[in-house]
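Structure record follows, encoded as structure tokens.
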Amino acid sequence: MAGDYLMDEMQPSPVESLTKILSDKGSMSVADYMALSLTAAGVGYYKNGNPIGAKGDFVTAPEVSQIFGELIGIWVMIVWEGMGCPQNFILAELGPGRGTLMQDVMRATRAKPAFRQAARVHLVETSVTLREAQGKALRSLCRPEWHESFTALPEAPLIIVANEFFDALPTEQFVYHGGSWYKRVLTLDDNNRPIFAAGRLEVPPVEILPDNMPNEGDILEFCPAAVDLIGEIGRRAKNAPCAILITDYGYDGRDYGDTLQAVSAHNYVDPIQPPGTVDLSTHVNFAELRIAAQDAGLTPSRVMPQSEYLMSLGLEPRLRRLMADADEEQRAALFLGARRLVDPFQMGSLFKAMAITSTHLPLPPPFSVESRAIQ
Ligand code: SAH
């Protein structure tokens, strides 16, 4: 999925070499910079170490509360039933991190042995370290198969979950300067320091252009890897039913803005860093995903804030049930975790959920069909 910017002979040694690459190449686009920094062999942030958790750089929803994965477990069972309970289907996760979400999904689905029997778990993961963690987390629950890229998944009825995966896909930026659009690039300034600048003239894809005119310096973002991935789901949906649940931080609307961010040890830092040393991401543009889904002949759901999504799936009764069996310390931890997921000042509103399904499938709860015209 990540850009194919790096060929082996171009592999820099870890950490030092952004200036060196830029002095060799002149410039690189933001998407190429993200691909280099996140997933390039030998260098990429996601190739090395274990970035997730209190001791890592960031914490994700499944790590905050088991309820997140359990409710998604209920969601995948409903989707499977909507598909007519295929006897053999692929339950895939994109970027499974430490394997916690799939572990909770598999625990929650124990209640339905026919589902468990029919599910073949496939994980799309680029990191060897994280693959090991996923294998351990799932050891007693299933025997997953791993793939480097989504396109390698076998053809079959497909239910996919992806939490905080799309934000890591390489995203292009365009900058409006002097009345024209340019591809935004990283290049070196006169003192040989890496800076962002306007690259070659290039108009962003029309479908993401906002209605209002841009101002000098405005930035637009476009994630070609996300569009390709959804296009591939559309292709597969012609032969077998498909559904994907995308949960991530992002926005729903055609807006100008620079959302490229870098996180290290739970703090935001300057996005220009030695390749592989920080978590680079952009906010997911759900409007772009919706358009990609429609173009691919799929049905996009409306975009729900995480709070609404999880509450509609039954977060509160599940929390009450867990708390009833817990001691006082556990009760406090369960409550704080659940609150963090849905509190609008924490993860409840910036994080969102969207489903995309084959057109003939019923759109699963709690979504309803997107009936608004595309903004
Ligand atoms: N879903 C997990 C982890 C999110 S972090 C959670 O919620 O905790 C992003 C995950 O995607 C990591 O597992 C990372 O290694 C993986 N990843 C990032 N870019 C990838 C790519 N291009 N191909 C495959 N896996 C990728």
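The values are calculated or read from the model by the stated rules, or taken from the named source; none is laboratory data. Note that the structure is predicted; figures quoted are calculated from it, not measured. Using ideal geometry, Cβ is built from the backbone for each residue, glycine included, and neighbour counts are taken over all protein chains shown.
Observations on the model:
- Close pairs (7 angstrom Cβ cut-off, 6 or more residues apart or separate chains): hydroxyl-bearing (Ser, Thr, Tyr) in the stretch 57-86, modelled with pLDDT under 95 anywhere: Thr60/Ile52
- Within the stretch 105-127, tally of residues that are of a type in the set (S, T, N, Q) and more than 16 Å from the ligand (Cβ to nearest atom): 2
- Failed criterion for Ser264 (all others in (1) away from the ligand (no atom under 16 Å from the Cβ); (2) in contact with an Asp or Glu (Cβ under 6 Å, 6 or more places away or on another chain) hold): (1)
- Filtered by the rule that a residue be crowded, with 21+ Cβ neighbours inside 10 Å, at pLDDT 95 or above and part of a loop (DSSP other than H, G, I, E, B), the stretch 247-282 gives a lone residue, Thr282.
- Only a single criterion out of (1) in contact with a strand residue (DSSP E or B) (Cβ under 8 Å, 6 or more places away or on another chain); (2) surrounded by 19 or more Cβ atoms within 10 Å (Cβ to Cβ); (3) closer than 30 Å to Val79 by Cβ is not satisfied by Gln173, namely (3).
- Residue within the stretch 205-213 that is closer than 21 Å to Asp32 by Cβ, away from the ligand (no atom under 16 Å from the Cβ) and among the acidic types (Asp, Glu) present: no
- Inside the stretch 166-188, residues that are closer than 16 Å to Leu220 by Cβ, away from the ligand (no atom under 16 Å from the Cβ) and in contact (Cβ under 8 Å) with a residue 40 or more places away in the chain make up a count of 8.
- Set side by side, the residues Gln294, Gln346, Gln330 differ, and just one is assigned to a helix (DSSP H, G or I), modelled with pLDDT of 95 or more and closer than 22 Å to Val59 by Cα, which is Gln330.
- Test: residue in the stretch 87-104 that is more than 9 Å from the ligand (Cβ to nearest atom) and either assigned to a loop (DSSP other than H, G, I, E, B) or surrounded by fewer than 19 Cβ atoms within 10 Å (Cβ to Cβ) (or both): yes
- Residues that are within 11 Å of the ligand (Cβ to nearest atom), among the β-branched types (Val, Ile, Thr) and assigned to a strand (DSSP E or B) occur at least once in the stretch 153-163.
- For the criterion of being more than 30 Å from Val263 (Cα to Cα) and within 16 Å of the ligand (Cβ to nearest atom), Trp75 passes.
- Here the helices (runs of 4 or more DSSP H) wholly within the stretch 17-69 that include at least 2 residues being within 12 Å of the ligand (Cβ to nearest atom) and within 18 Å of Gly95 (Cα to Cα) are 30-39, 61-64.
- Per-region count, the stretch 189-234, residues in contact (Cβ under 8 Å) with a residue 12 or more places away in the chain and part of a loop (DSSP other than H, G, I, E, B): 15
- Hits in the stretch 47-72 (condition: surrounded by 22 or more Cβ atoms within 10 Å (Cβ to Cβ) and either in contact with a Ser or Thr (Cβ under 6 Å, 6 or more places away or on another chain) or at positive phi (or both)): Pro62
- Any hit, the stretch 78-94, residues being within 25 Å of Leu322 (Cα to Cα) and in contact with an Asp or Glu (Cβ under 9 Å, 6 or more places away or on another chain): no
- Residues located in the stretch 20-34, provided they are in contact with a strand residue (DSSP E or B) (Cβ under 9 Å, 6 or more places away or on another chain) and either exposed (fewer than 14 other Cβ atoms within 10 Å of the Cβ) or modelled with pLDDT of 95 or more (or both): Ser23, Gly26, Ser27, Met28, Ser29, Val30, Ala31, Asp32, Tyr33, Met34
- Of all residues in the stretch 117-129, those that are in contact (Cβ under 8 Å) with a residue 12 or more places away in the chain and within 8 Å of Trp146 (Cβ to Cβ) have Cβ atoms under 8 Å from Cβ atoms of residues that are within 9 Å of the ligand (Cβ to nearest atom) and hydroxyl-bearing (Ser, Thr, Tyr), 6 or more apart or on another chain, in Val124/Ser149.
- Residue list for the stretch 137-152, restricted to those being within 16 Å of the ligand (Cβ to nearest atom) and without any contact (Cβ under 8 Å) to a residue 60 or more places away in the chain: Ala137, Leu138, Pro144, Glu145, Trp146, His147, Glu148, Ala152
- Test: residue in the stretch 129-136 that is within 15 Å of the ligand (Cβ to nearest atom), assigned to a loop (DSSP other than H, G, I, E, B), of a type outside the set (Val, Ile, Thr) and loosely packed, with under 15 Cβ neighbours inside 10 Å: no
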